[in-house]
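*Asks:* Questions regarding the structure given below will be posed in turn.
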Amino acid sequence: MAKPKLVVFDLDYTLWPQHVDCTVDPPLRKDKNGNIFDADGQAVKPFPEVPRLLEKLRQDGYQIGAASRTDSPPVANQLIKLLDWDKYFDYREIYPGCKVTHFNKFKKDSGIQFKDMMFFDDEMRNIRDISKLGVTAVYVTHTGMTMKLFDEGLAEWRRKNEN
Ligand SMILES: [Mg+2]
């Protein structure tokens with residue numbers, strides 16, 4: 001069955017339940033058991049199904065991108081590194097501003113058309129902006145990213161790209 005070539009995720013409240021520019025106190029550190037804490041001793045973890053989902057997408061041959069408009073790109077990048085996710089992200093655009101800029105860069109760098117991309121984000125303004133480009137953009141609720149939501153997004157992408 002047909003599938004998108006590039007799957008892009010927002011970071012804050014999509015892959016992890018934090019706003020790294022305001023609810024996380026840097027620097028982050030990882031203890032010997034692999035747990036991540038901020039400077040206040042707060043545990044920082046992804047949403048529970050996200051590690052398994054990223055691994056599955058990689059195994060299934062998708063390219064993966066991160067699009068974030070955080071005011072703290074270094075903290076976001078540090079968290080990605082500590083989570084051992086550098087290996088998953090083929091593309092990342094992490095800086096403030098409208099995400100149309102981020103997606104134009106994905107298209108330029110990857111050569112992948114917008115219709116062959118899928119995007120997950122917990123903010124409706126981003127879903128609206130990116131849908132207009134022709135990307136299948138899926139709204140993420142308070143549960144964060146789940147396997148089920150990915151499958152629903154994939155079904156929506158297939159409906160839009162049937163012909
Ligand atoms: Mg977000």
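Values in this text are rule-based calculations from the coordinates and carry no lab data. The structure presented is a predicted model; accordingly, all values stated were derived computationally and were not measured. Reconstructed Cβ throughout: ideal geometry from the backbone, glycine too, with neighbour counts over all protein chains shown.
*Asks:* Look through the stretch 95-112, keep the residues that are touching a residue at least 12 places away in the same chain (Cβ under 8 Å), not in a helix (DSSP H, G or I) and not β-branched (Val, Ile, Thr), and return whichever of them is nearest to TRP157 (Cα to Cα).
*Replies:* Across the stretch 95-112, the extreme among qualifying residues is CYS98.
*Asks:* Moving to a separate point now. On the basis of being out of contact with any Gly (no Cβ under 7 Å at 6 or more places or on another chain) and among the charged types (D, E, K, R), does LYS115 make the cut?
*Replies:* No: the conditions fail for LYS115.
*Asks:* Assuming MET118 fulfils every condition listed in (1) closer than 16 Å to THR14 by Cβ; (2) assigned to a helix (DSSP H, G or I); (3) in contact (Cβ under 8 Å) with a residue 40 or more places away in the chain apart from one, which condition is it?
*Replies:* The number of the failed condition is (2).
*Asks:* For the subset of the stretch 118-159 comprising residues that are of a type in the set (A, V, I, L, M, F, W, C) and more than 24 Å from ASN104 (Cα to Cα), which member is farthest from the ligand (Cβ to nearest atom)?
*Replies:* My answer is ALA155.
*Asks:* Taking the stated definitions as given, is THR143 in contact with a helix residue (DSSP H, G or I) (Cβ under 8 Å, 6 or more places away or on another chain), touching a residue at least 40 places away in the same chain (Cβ under 8 Å) and more than 21 Å from GLN63 (Cβ to Cβ)?
*Replies:* In short, yes.
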